[in-house]
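Please treat every number below as a calculation from the coordinates, not as lab data. Every value quoted in this text rests on a predicted model; they were computed, and no experiment measured them. Glycine gets a Cβ as well: all are built from the backbone with ideal geometry, and neighbour counts include every protein chain shown.
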Ligand SMILES: *[C@@H]1O[C@H](CO)[C@@H](O)[C@H](O)[C@H]1NC(C)=O
């Protein structure tokens, strides 16, 4: 029996409701406790939940139960065009633990890499934080800080955990696009600064035009449309490498051509800065900070704290800095400093750091062209949605984060070496075979006043 629920339909709605109710499996979001903190009041728990991204879900025809989408395969008899497909098909509900390897307990969320189940195998996942069953939580983080604990010890080369904020609509886009009946409840509306073409439902339509594989192993597929929006990624990491990155876009939009989407050689004409401005300590030539047995020991749980500083220390000011602090075993560990001759020893993400890094590495500063940190800050005014994921990388094998990238460049050139992983690592076929039990655990998510999420001093001076 298919587990599913009606989500994308219109013309057959009356009939559908009558037929569907008895076969519906409920969409039950795993609960997750987070904490809201104030300088004087400490941290108070809030019960929230997570929802699986719609792109991981199958879909079925509302009236007949025929498969519309299974894995990366669209049923071309039912799904002929984007609009009609979305009207007649429903995104299925998720069996979080059994099918997707997603479990929560108290304030802790675990995402498994590979999950074998009765109908096949699931690889990777992405979830979003919900405020209520139909609405994502929006975080306004200017002049605030955000903290979480992460256990990345079970993430080998090539496998990435991510915790990021993106410019998604709180309702997943269902009010803007009436054919999207699924909304936030079924994890629709994802977008990020890579203008991802693999997002299967966009703007209330199926992304089935020009749908083809982009990796030789046919694990990655893409459609005509890309979902572009601003992204602040606080954690892209495994046990070897970590980066935090701001990626501004000039607009939140569905792109439909190589120029706007920034595909192939048109990378720097996109709506989005796809490089972003990244802070990767290893790439910035401090190889002692992060890794197994390093100052931040990735064999153990790590607390990651990020502060969003504005020019006037108010929530309405211009975003001027994204600061990073780590904590482990009760000890506060400051971020590393840039260790490149001729580059000032920045230790946080600012427009000045970004331009210094990009000129040292010979990278185009599209970050600045897209408006830099102040552009990111203006997008943050509307609140951003929190996503957490575990992903492999069929196209680039994650070498841009944990290895040498571009792979054909000389590793002595500044900025080319991002981590210790070898050029042959990160092939998803190998990872699935060798590390199926890989997982990441995020826990103890806290947000609030600067300095409120971790003990910095005794007494708050109130
Ligand atoms: C993964 O975990 C299962 C269950 O604990 C175990 O039987 C299997 O050997 C593990 N696989 C690998 C490759 O470690």
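When you count the other C-beta atoms within 10 angstrom of each residue and take the mean per peptide, 222-228, 258-264 line up highest first as 222-228, 258-264. The equivalent ellipsoid that matches the C-alpha gyration tensor of the chain spans semi-axes of 35, 25, 22 angstrom, in descending order.
For the stretch 189-264 and the stretch 322-391, what is the centre-to-centre distance using only Cα atoms, to the nearest Å? A separation of 21 Å, based on Cα centres.
Compute the acute angle (0 to 90°) between the alpha-carbon long axis of helix 351-361 and the principal axis of greatest extent of the alpha-carbon atoms of the chain; round to the nearest 10°. Helix 351-361 sits at roughly 90 degrees to that axis.
Rounded to the nearest 500, what is the chain's calculated 222 nm mean residue ellipticity when only DSSP H runs of at least 4 contribute -39500 (n - 2.57) each, over all residues? Don't jump to the answer; show the numbers that get you there.
Numbers: 9 runs with 59 residues, N = 462.
Per the formula, -3000 deg cm²/dmol.
Note on 391, 386, 69, 209: ascending count of other Cβ atoms within 10 Å places them as 209, 391, 69, 386, the fewest first.
Across the alpha-carbon atoms of the stretch 328-442, the computed radius of gyration and Dmax are 17.5, 44 angstrom. By its C-alpha gyration tensor, with a ≥ b ≥ c as the square roots of the eigenvalues, how is the stretch 328-390 shaped: rounded for a/c under 1.5, else prolate for a/b larger than b/c, else oblate? In terms of gyration-tensor shape, oblate.
Taking neighbour Cβ counts within 10 Å as the exposure measure, how do 359, 336, 435 sort from fewest upward? Provide the component values of the computation, followed by the final result.
Details: 359 13, 336 23, 435 18.
Ascending number of Cβ neighbours within 10 Å: 359, 435, 336.
Taking a quarter of the surface of the Cα convex hull of the stretch 263-377, what do you get in nm²? Mind showing how you got there, number by number?
Numbers: hull surface 35.3 nm².
Over every viewing direction, the Cα hull of the stretch 263-377 projects on average to 8.8 nm².
Report the antiparallel proportion of the DSSP beta bridges in the chain as a percent, rounded to a multiple of 5. In the chain, approximately 95 percent of DSSP beta bridges are antiparallel ones. This ranking places 308, 177 by how few other beta-carbon atoms lie within 10 Å of each, fewest first, which gives 177, 308.
Counting each pair of different Cα atoms once, what's the Kirkwood radius of the stretch 212-272 in Å, rounded to one decimal?
On the way: mean 1/r = 0.0754 Å⁻¹.
Radius from the Kirkwood sum: 13.3 Å.
Of the listed peptides 120-127, 185-192, what is their order by residue-averaged count of other C-beta atoms within 10 Å, with the highest listed first? Walk me through the numbers before you get to the answer.
On the way: 120-127: 20.5, 185-192: 27.4.
Going from most to least packed, we get 185-192, 120-127.
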